[in-house]
Amino acid sequence: MSGGERIVFAAAHVVAKDERTVDWDATLAFRHHLWSHGLGVAEAMDTAQRGMGLDWPTAAELIRRSAAEKAGRICAGVATDHLTGEPDLDEVLEAYLEQLDVVQEAGAQPVLMCSRRLAAAARGPEDYEKIYGTLLDHVSEPVVLHWLGTAFDPALEGYWGAADVPRATRNFLEIIRSRPDKVDGVKVSLLDADHEIGLRRALPDGVRCYTGDDFHYPDLIAGDEHGHSHALLGIFDPIAPVAAKALAKLAEGDTAEFHRIMAPTVPLSRHLFSAPTYYYKTGVVFLAFLAGHQERFVLLGGLESARGVEHLAEAKRLAGIAGVVDPEFAERRWQQWLASR
């Protein structure tokens, strides 16, 4: 197992006042909570809210506000979600460039997210090379490339120009190898640990792998004799204090203690990210409510209704076992919420 410090981002949720309004004070306070535990903030790239209640104007404001806090490491999502209709490749590129300029001007590290519009407009790997090559030529600092699997977004079938994952991987690596100095790392969210390990070993020297695998993250972060993954994870939003303790042990070279601390978080993560995976943020926000990070259980777009009572009850139980909520406080919040339904 490989030791040493990991670069870790949590895909932070947005605290809502109601289904249309962001609670800016509570949202920024939660980012300070993550920073206080030594985690970076991955801003406005939460695939469970971007395009599902969090529109681009609000995302842009979120990026600017969070980056202005300057309290820790921050990256931010660059996408094309403000496009409508059926744009062509040139329009997709212009949309990416527009968002990229916002992120760079704010001072956050860009994460080039997968685009539904690009998936619909592209006809083969050469179109992905054109778009991503132009974007990488435009960046002022190395960026993170994001490969999001169909479990999170079925509209991304065939991304990188192939439905076959090995072929898509080859196309993806060709883009990275053409401009390795422009790529800080790749975030892989395919929920396939073996694939991630193979991709990690194939990356050019100096290009990091940030795991986005919310099922197998302890083993991927711990690594093996050939290397390890860093992390950019949605599950690190609710488990930040526990993850920070585990990562400190890993940095000291105590891999066994890292796994002991992290192991109880995995059943919780697998539950929160159970199918349909794109509704995972409902459970994440519910745990933020149970932990006292926000006063109401509400999501932008009304997505608090995306999971049922049974799912949330199990999330509460598993969170208690993982040590990410105070059981007595969480129980009071649980009863408060049940009485308000």
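The values are calculated or read from the model by the stated rules, or taken from the named source; none is laboratory data. Note that the structure is a prediction, hence the values are computed from the model and not measured. FYI the Cβ positions are ideal-geometry reconstructions off the backbone, even for glycines, and counts take in every protein chain you see. Ligands, DNA and RNA are stripped out before the accessible areas are found, and what is left, the full protein with its side chains, is counted by its heavy atoms. Shrake-Rupley method; radii C 1.70, N 1.55, O 1.52, S 1.80 Å.
Taking all protein chains into account, the per residue accessible area for the chain stands at 40 Å² (1.4 Å probe).
Taking the accessible area of region 111-183, probe 1.4 Å, and keeping the other protein chains in place, the carbon and sulfur fraction comes to 48%.
Total lysine pairs in the chain at Cα distances under 20 Å, for residues eight or more apart or on different chains: 4. Straightening the chain between Q335 and H32 buys 106.3 nm, computed as 0.36 nm per residue apart minus the Cα-Cα spacing. Couplings for region 82-93, taken from phi via the Karplus curve 6.51 cos²θ - 1.76 cosθ + 1.60 with θ = phi - 60°, read 8, 6, 10, x, 10, x, 8, 4, 5, 5, 4, 4 Hz in order; Gly and Pro are left as x. The phi torsions of region 115-120, fed into the Karplus equation with coefficients 6.51, -1.76 and 1.60 and a -60° offset, translate into couplings of 10, 4, 5, 5, 4, 6 Hz, rounded to whole numbers, with Gly and Pro shown as x.
Legend: calculated FRET efficiency, H82 to R123, from the Cβ-Cβ distance at R0 = 30 Å, rounded to 0.05, equals 0.85. For region 289-341, what % of the accessible area comes from carbon and sulfur atoms, probe 1.4 Å? About 49 percent, which is the carbon plus sulfur part of the accessible surface. Rounded to 0.05, the FRET efficiency of the A68 and D18 pair, given R0 = 22 Å and the Cβ-Cβ distance, is 0.35.
Amide H contacts under 5 Å for A11: A42, L233, G234, F236, D237, restricted to partners 5 or more places along the chain or on a different chain, H placed in the peptide plane at 1.01 Å from N. Amide H contacts of I74: V41, Q109, each under 5 Å away and 5 or more positions distant or on a separate chain (H built 1.01 Å from N in the peptide plane; Pro and chain starts excluded).
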